[in-house]
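For reference, the structure discussed in these notes is given below.
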Amino acid sequence: MSELPDRHEQIRLVHAEFIRQAAATCGNAERRTEFDALLADAEQAGWPELVAALKRIAAGERGPEVFRGLDEEDQVIAEAILRGMQDPSTLPDPAQRQDPAMAAPGLAHMIHAARTGNAQALAIIGNMAEQMSTVGGQMARLAGVIRPMIQGERDPGRLTRGMDSQGERLVLEILAELGKLEAH
């Protein structure tokens with residue numbers, strides 16, 4: 001099995017599409033309307049501090065004060081956007097986060113950490129689930145089983161109810177990873 005990306009890389013991959021859109025529109029006068037809409041959606045999703053930082057970046061600020069007050073997840077996202085604006089080759093690939101071989105271990109580790117009392121992991125996975133819910137469809141179904149898994153639900157029948165085969169496979173892989181983590 002390939003090595004799991006570090007937590008910051010996982011955050012970048014989970015939010016890859018947002019990071020790419022923000023980097024492309026932030027500070028671009030021709031795409032200001034698109035940037036403002038992206039920020040409005042982010043604010044509505046519960047990211048007011050990140051939105052404030054991105055507004056400062058769009059206004060030309062680049063110092064460490066831009067990141068003041070951001071939690072770890074927001075800071076990783078803001079830094080990735082800023083780097084992506086300067087060098088688009090650093091932007092995360094949204095297709096990479098679709099790889100279930102990478103998603104299952106990452107989600108399982110976050111679920112396990114949240115279940116064992118890691119508040120930071122709980123906050124990160126909560127934000128991930130919230131974003132997955134807004135996407136709808138199978139992503140929303142997957143988001144809907146994260147809390148039960150954090151609370152200890154391990155019945156594959158219950159967790160995969162209503163999912164397509166790809167969603168089922170991902171949940172089963174998460175459960176397999178959780179089994180390994182919980183055995184230690």
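Give me the Kirkwood hydrodynamic radius of region 99-183 in Å, from all C-alpha pairs, to one decimal place?
12.5 Å
With unit charges on the beta carbons (Lys and Arg positive, Asp and Glu negative) and the dipole taken about the Cα centre of the chain, which residue among 131, 163, 104 sits farthest to the positive side?
Of the options given, the answer is 163.
If we sort 18-27, 63-72 on the protection proxy, mean other Cβ atoms within 10 Å, highest first, what's the order?
Result, highest mean Cβ count within 10 Å first: 18-27, 63-72.
Where Lys and Arg each count +1 and Asp and Glu each count -1, what net charge lies around residue 74 among other residues with Cβ under 12 Å from its Cβ?
My count for the surroundings of residue 74 gives -4.
So what's the angle, to the nearest 10 degrees on a 0 to 90 scale, between helix 16-25 and the longest Cα principal axis of the chain?
10 degrees
What is the sum of charges, Lys and Arg at +1 and Asp and Glu at -1, for the other residues whose Cβ falls under 10 Å from the Cβ of residue 112?
Residues near residue 112 contribute 0 overall.
Report the charge-dipole magnitude of region 99-183 in Debye, nearest 20, computed about the Cα centre from +1 at each Lys and Arg Cβ and -1 at each Asp and Glu Cβ.
In debye, rounded to 20, region 99-183 gives about 180.
Between rounded, prolate and oblate, where does region 7-90 land on the alpha carbon gyration tensor, with a ≥ b ≥ c its root eigenvalues, rounded for a/c under 1.5, else prolate if a/b exceeds b/c?
Here region 7-90 falls in the rounded category.
Taking the Cα centre of the chain as the origin, how large is its charge dipole in debye, to the nearest 20, when only Lys and Arg (+1) and Asp and Glu (-1) carry charge on their Cβ atoms?
That gives a dipole near 240 debye.
Mean shadow of the chain, computed from the convex hull of its alpha carbons, in nm²?
Value for the chain: 11.0 nm².
A short reminder: the numbers here are calculations on the coordinates, not readings from a lab. The structure presented is a predicted model; accordingly, all values stated were derived computationally and were not measured. Please note: Cβ atoms are built from the backbone with ideal geometry, for glycine as well, and neighbour counts cover all protein chains shown.
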